[in-house]
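What follows draws every value from the coordinates through simple rules; no lab data is involved. Note that the structure is predicted; figures quoted are calculated from it, not measured. Here the Cβ is made from the backbone with ideal geometry for all residues, glycine too, and neighbour counts use every protein chain on show.
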Amino acid sequence: DVVMTQSPLSLPVTVGQPASISCRSSQSLVDSDGDTFLSWFQQRPGQSPRLLIYEVSYRDSGVPDRFSGSGSGTDFTLNINRVEAEDVGVYYCMQVTHWPGTFGQGTKVEIK
Amino acid sequence: EVQLVDSGGDLVQPGGSLRLSCAASGFTFSQFWMTWVRQAPGKGLEWVAIINEDGSEKYYVDSVKGRFTISRDNAKKSLFLQMNSLRIEDTAEYYCVRGRGGGYWGPGTLVTVSS
């Protein structure tokens, strides 16, 4: 199975400052058609996860533009341009290029 | 409006069975892959199983292979997860998720395996 490794696992941030989460896969996530099925999710306390980014860099409908995704191959990043208080929660990367799908361990974002 | 409503979670003894259901509305169900994801109490997300649009392709995480079966009824816009030989480590909130990339999530249904 593809192992997804996120860092850091805990991220204290100041409101208004940028934040960045890394996600590395144990093998390339590019499939035979050249597509890369890497998504990012936000899970606020007590809520179901919410899709933020799909296929590395496409922002889902309604997601604020302060969230962006980048990367390729085995190295991916979620950036939050200017953190807001409502961004507190746990962030997960997930790959579904290879079966079974796999998630990263999660990164807990909290406000300093 | 897209809606996914998970149901069927319950308290069950080790070795027992449960069938989870997910009722979909607000989109053309037959055009989407559907996924089950679970989350043990206080833990991270774990991908469980996926089924393609017509049910001809199914994939599972190793820990549930041979015990869980994913299926769907496109006419009834419903997704299912038949869970047999349940283990204590299967205790989790189970989420129905639309698509391969995880676009919409149900509220979850809690499965507790305990004697």
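Values as computed for the structure displayed
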{"quantity": "B:E57, sole failed condition from (1) surrounded by 16 or more Cβ atoms within 10 Å (Cβ to Cβ); (2) more than 17 Å from B:T109 (Cα to Cα); (3) within 14 Å of chain A (Cβ to nearest Cβ)", "calculated": "(1)"}
{"quantity": "Where a residue in the stretch A:34-50 is at the interface with another protein chain (Cβ under 9 Å from one of its Cβ atoms) and farther than 12 Å from A:G71 by Cα and its partner, wherever it lies, is of a type in the set (S, T, N, Q) and surrounded by fewer than 20 Cβ atoms within 10 Å (Cβ to Cβ), with Cβ under 6 Å and at least six apart", "calculated": "A:P49/A:Q43"}
{"quantity": "Matching residues, the stretch A:61-99, being assigned to a loop (DSSP other than H, G, I, E, B), more than 14 Å from chain B (Cβ to nearest Cβ) and out of contact with any Asp or Glu (no Cβ under 9 Å at 6 or more places or on another chain)", "calculated": "A:D65, A:G73, A:T74, A:R82, A:V83, A:E84"}
{"quantity": "Filter pass, A:Q43 being surrounded by 13 or more Cβ atoms within 10 Å (Cβ to Cβ), of a type outside the set (F, W, Y) and touching a Cys at 6+ places or on another chain (Cβ under 6 Å)", "calculated": "no"}
{"quantity": "The stretch A:29-40: number of residues that are more than 10 Å from the chain's Cα centre (by Cα) and surrounded by 14 or more Cβ atoms within 10 Å (Cβ to Cβ)", "calculated": "4"}
{"quantity": "Within the stretch B:72-100, tally of residues that are within 14 Å of another protein chain (Cβ to nearest Cβ), closer than 23 Å to B:G55 by Cβ and out of contact with any Asp or Glu (no Cβ under 7 Å at 6 or more places or on another chain)", "calculated": "4"}
{"quantity": "Tabulated pairs, the stretch A:100-112, first more than 8 Å from chain B (Cβ to nearest Cβ) and under 11 Å from A:S7 (Cα atoms), second buried (at least 22 other Cβ atoms within 10 Å of the Cβ) and among the basic types (K, R), C-beta under 9 angstrom, 6+ apart or interchain", "calculated": "none"}
